[in-house]
1. D310 versus T159, label points 7 Å from Cα toward the beta carbon: distance in nm?
2. Once the other residues with Cβ under 13 Å from the Cβ of P207 are scored (Lys, Arg +1; Asp, Glu -1), what is the net sum?
3. Which ³J(HN,Hα) values in Hz, rounded to whole numbers, follow from the phi angles of the range 321-329 under the Karplus curve 6.51 cos²θ - 1.76 cosθ + 1.60, where θ = phi - 60° and Gly and Pro get x?
4. Between L337 and residues 5 or more places away or on another chain, which pairs have amide H atoms under 5 Å apart, with H built 1.01 Å from N, and which residues are they?
5. Rounded to whole Å, give me the distance from the Cα center of the range 133-164 to that of the range 219-247.
6. Over 32 Å between Cα atoms: which of K246/K296; K118/K183; K164/K347; K183/K347 fall into that group?
7. With the Cα gyration tensor of the range 258-341 in hand, give its eigenvalues times 5 under a square root as the equivalent ellipsoid semi-axes, listed largest first in whole angstrom.
8. Could you calculate the FRET efficiency of A288 with K246 from 1/(1 + (r/R0)^6), where r is the beta carbon distance between them and R0 is 22 Å, rounded to 0.05?
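Bear in mind that the values in this text are calculations on the coordinates, not laboratory data. Computed from a prediction, not measured in an experiment: that's the story for all the values here. A quick note on method: Cβ atoms are made from the backbone with ideal geometry, for glycine too, and the neighbour counts reach across all protein chains shown.
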Amino acid sequence: MEFFPIKRSLLWTGATRFFRNIVAIFAILLIVLTYATPKALASDHQDTTFLANKLTAADLTDLFVFESPADPNNAVLVMDFDPLIASGIARPFDPNVLYQFKIDNTGDNIEDVVLQFKVNGTGSQTVTLYGPGSPTKVGTESALLTVNSTGQLGQTLTTSNGIKFFVGTRKDPFFFDLEQFFKIIPDRNYLVQPNPSPPFTVLSFRPQGEAQDTLAPFNVHSIIVELPRMLLGNSKIGAWITTSVKTPRLRNGNFAQIERLAVPALNELFMDFKAHNNSNLQTPTQDASNQSQFIKAFINAIGRPQGIADAVISVAIPDVIQADLSKPSGSYFGTQLSSNFGGRRPKDDVIDITASVVFGSAVTNITTGQILGLTSDNVGPNNDNFLPGFPYLGDPL
């Protein structure tokens with residue numbers, strides 16, 4: 001029995017990552033399993049089979065871009081990755097992965113400025129910052145820039161050109177009632193593949209007081225950078241993050257992109273699981289032709305008007321986080337933000353913002369086919385997970 005016109009084939013084949021920064025029910029089991037076998041130290045978001053099983057350190061979960069609360073002349077960039085680190089577990093960083101912030105400041109969705117980070121060694125690990133600077137290679141192939149600074153993991157480091165950075169383990173800042181979401185759209189839970197229960201037999205999130213933050217028990221690896229805005233550009237920028245590794249295919253020793261992330265929920269909500277890897281290997285310049293089709297199909301499948309898809313495409317394509325460094329305020333996913341130039345702040349409730357557009361009437365004022373019980377998961381940020389000053393994300397559990 002279908003409760004409203006949903007194409008079951010679309011919903012069942014879309015795999016498990018509603019948001020790249022959330023995880024499957026395996027997260028709950030991980031607390032126990034981490035003490036049973038070293039293999040359980042690995043965690044995944046099931047973005048692709050390769051990232052889930054072979055290289056979890058390259059699994060990106062969140063990008064934040066916001067104005068420094070300490071100095072309005074500075075911007076803060078935060079990259080979270082390698083999630084589901086249980087309390088008390090010291091998971092090493094992977095020295096084979098290159099982590100990059102990519103910044104477009106000319107409006108063509110091609111990176112003009114990059115900041116690169118690479119961890120060194122396997123014992124007492126250090127981290128090296130390369131750049132920021134203009135990339136010698138753009139797109140999915142990357143070459144290392146000039147070394148800027150090297151220092152110990154888990155410490156606040158500074159550079160001669162006014163950059164402050166921290167690379168280490170932090171409390172996962174993302175918040176979401178994932179358990180209830182898996183009751184709403186079971187096919188997003190990889191544990192029930194390939195035969196999930198019918199979707200939307202539950203048509204609402206749990207109410208306030210009953211909703212639970214599934215990610216509350218976990219830490220994450222983070223790269224946190226505070227730097228003068230002028231190093232990124234003077235006005236509008238688009239930001240995204242990538243992970244890359246060396247491959248025999250590139251005989252010049254450069255790095256090949258294996259994952260890309262910017263706007264939460266773009267690939268994860270709308271795109272079929274089998275298409276995730278293809279999207280990860282592309283650049284923002286290809287998003288209009290690639291990702292728009294999945295947005296249109298999903299909106300049609302849940303019985304909402306084309307205007308909803310048009311609105312989502314207008315604010316989420318290409319897959320970059322937009323900010324205007326010349327303005328005191330901006331928007332995220334079409335929603336006005338105060339005291340920030342746009343971008344995304346750690347406490348911004350991107351679940352509710354996105355859900356209120358897709359399932360409600362936010363931004364569009366379109367009420368046809370709305371599902372009010374799905375416009376909020378009723379979980380907000382926990383102030384204990386954040387710091388008022390650098391590095392801004394809370395101490396690990």
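1. The two pseudo-label positions are separated by 4.4 nm.
2. Values: positive: R206; negative: D177, E210, D377.
Local net charge: -2.
3. Going residue by residue, I get 8, 8, 8, 10, 5, 8, 10, x, 8 Hz, with x marking Gly and Pro.
4. G330, S331, Y332
5. Each part reduced to its Cα centre gives a spacing of 10 Å.
6. On the way: K246/K296 35 Å; K118/K183 39 Å; K164/K347 21 Å; K183/K347 25 Å.
Beyond 32 Å: K246/K296; K118/K183.
7. Details: eigenvalues 111, 60, 18 Å².
With the √(5λ) rule applied to the range 258-341, the semi-axes are 24, 17, 9 Å.
8. Efficiency computed from Cβ-Cβ geometry: 0.15.
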